1. If I filter region 236-254 down to residues being small (G, A, S) and modelled with pLDDT of 85 or more, which single residue comes out as farthest from R200 (Cα to Cα)?
2. What tally of residues in region 44-57 results from selecting those that are outside any strand (DSSP E or B) and free of Cβ contacts under 8 Å to residues at least 24 places away in the same chain?
3. What are the pairs with Cβ atoms under 6 angstrom where one residue, in region 109-125, is in contact (Cβ under 8 Å) with a residue 60 or more places away in the chain and within 21 Å of S85 (Cβ to Cβ) and the other, located anywhere, is surrounded by fewer than 16 Cβ atoms within 10 Å (Cβ to Cβ) and small (G, A, S)? Sequence gap at least six, or different chains.
4. Test of understanding: among R212, R167, which residue is at pLDDT 90 or above, over 26 Å from T72 (Cβ atoms), basic (K, R) and in contact with a Leu (Cβ under 9 Å, 6 or more places away or on another chain)?
5. Here are E233, E257, E280: which of them is surrounded by fewer than 16 Cβ atoms within 10 Å (Cβ to Cβ) and modelled with pLDDT of 75 or more?
6. Take A155 and decide whether it is under 18 Å from the mean Cα position of the chain (by Cα) and either assigned to a helix (DSSP H, G or I) or outside the structural domain of L87 (by TED's automatic domain parsing) (or both).
7. Would you check if there is a residue in region 174-194 being in contact with a Pro (Cβ under 6 Å, 6 or more places away or on another chain) and at pLDDT 90 or above?
8. Within region 70-88, can you find the residues that are in contact with an Asp or Glu (Cβ under 8 Å, 6 or more places away or on another chain) and part of a loop (DSSP other than H, G, I, E, B)?
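The values are calculated or read from the model by the stated rules, or taken from the named source; none is laboratory data. In this text the structure is predicted, and so the values were computed from the model without any measurement. Cβ coordinates were reconstructed from backbone atoms using ideal geometry, including for glycine residues, and neighbour counts include every protein chain displayed.
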Amino acid sequence: MRTRACTEPRRRLCVLASWAAFLACARAEDACPPACACSRDSGTVSCDGASGLPARVPPWTSTLILRGGNVTTLRRGALAEANGSQLAALSLSANMIRAVEADAFAGLPHLRVLDLSHNRLERVSDGAFKGLWELRTLCLNQSIASPEAAAELAAALDAGELRGLHRLELAGNRLRSLPLAGLDALRLLHRLVLVNNSIRSLGREDVSVLERQRRTRVYLADNPFRCSACELEAFYWWLKNASQCPDGALLRCAEPESRRGLPVERLRAEDVDCLNQNLEAVSYVFLGIVLALIGLVFLMVLYLNRGGIKCWLNNIREACRDQMEVYHYRYEQDSDPRLANVAV
């Protein structure tokens, strides 16, 4: 009886201690990361100016916002290690990110929104977006630092990992062409934002890709289009006949100087008729050839009649000289008053 009396309180203490330890661990997991603001009701964890990725986020986190930090490289599984498997939205804007390695977002199977805007991407691995099957929105505004990074991004988009992507934002990246290598793989893409880039023209290949993506709406305002006939013809007729460019009325010509500021949609059909331009160029060339032949014939005539022409010029010179002597003689008479009196 004495033994039972002694062991029963110990068991109760052990149970209480285990529950205390469990509650302590649960509280530690639910704890908000340092330098972050947490809202359990909305499932949001927001960290501004953090020195890196948080070591751990609460398990209830569905939206993680990391802005203004110093995260130069997104390494493999960086967010999965922070217990971010339940993330649905991830914002990593303005973090000076320069490289995205393969499987950087591994362990985030439910991620639907990814924002990498306002970074300086110089290297994007082919498998950077691997595992993001449910991603619907990808924002990369003002993030591409070089043409090489743009090519790598196109290859990463073409890897077939983002088949469910609906919205792709690439505004303000000084892109000179469409990321063609990746568009064919994005069959469900609804919106492609290419505003404020350096796109000067869209050739027939670009237009063909856009025509295959009929459900995609392309935004192209604030691009310096070169409105010369042969370069603009295919794009002009696509813009007129298709309804894939909602901001088509905002597109302006930047070149040539005579069409600067002119809306692309207001160009006439003959302004973009490449055949007419070629015929006009051929006509000018033909006219130049004819004038050159006429000039050559004229020179040949002059050369063959050089003797007669020389004699003719000499006769004209002698006649001019005699006429000038007569004028000179009359002038001397008129200028001398004594000769004038004698004449009277």
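1. S243
2. Step one: of region 44-57, the residues outside any strand (DSSP E or B) are 49-57.
Filter once more, so that each one left must be free of Cβ contacts under 8 Å to residues at least 24 places away in the same chain: 49-52.
Count: 4.
3. none
4. Working: R212 fails: at pLDDT 90 or above.
Among R212, R167, only R167 is at pLDDT 90 or above, over 26 Å from T72 (Cβ atoms), basic (K, R) and in contact with a Leu (Cβ under 9 Å, 6 or more places away or on another chain).
5. Going through E233, E257, E280 in turn, the sole match is E257.
6. Numbers: under 18 Å from the mean Cα position of the chain (by Cα): yes; either assigned to a helix (DSSP H, G or I) or outside the structural domain of L87 (by TED's automatic domain parsing) (or both): yes.
Taking the combined requirement at face value, the residue satisfies it.
7. No, region 174-194 contains no residue that is in contact with a Pro (Cβ under 6 Å, 6 or more places away or on another chain) and at pLDDT 90 or above.
8. If the condition is that a residue be in contact with an Asp or Glu (Cβ under 8 Å, 6 or more places away or on another chain) and part of a loop (DSSP other than H, G, I, E, B), then R75, R76, G77, N83 are the ones that fit.
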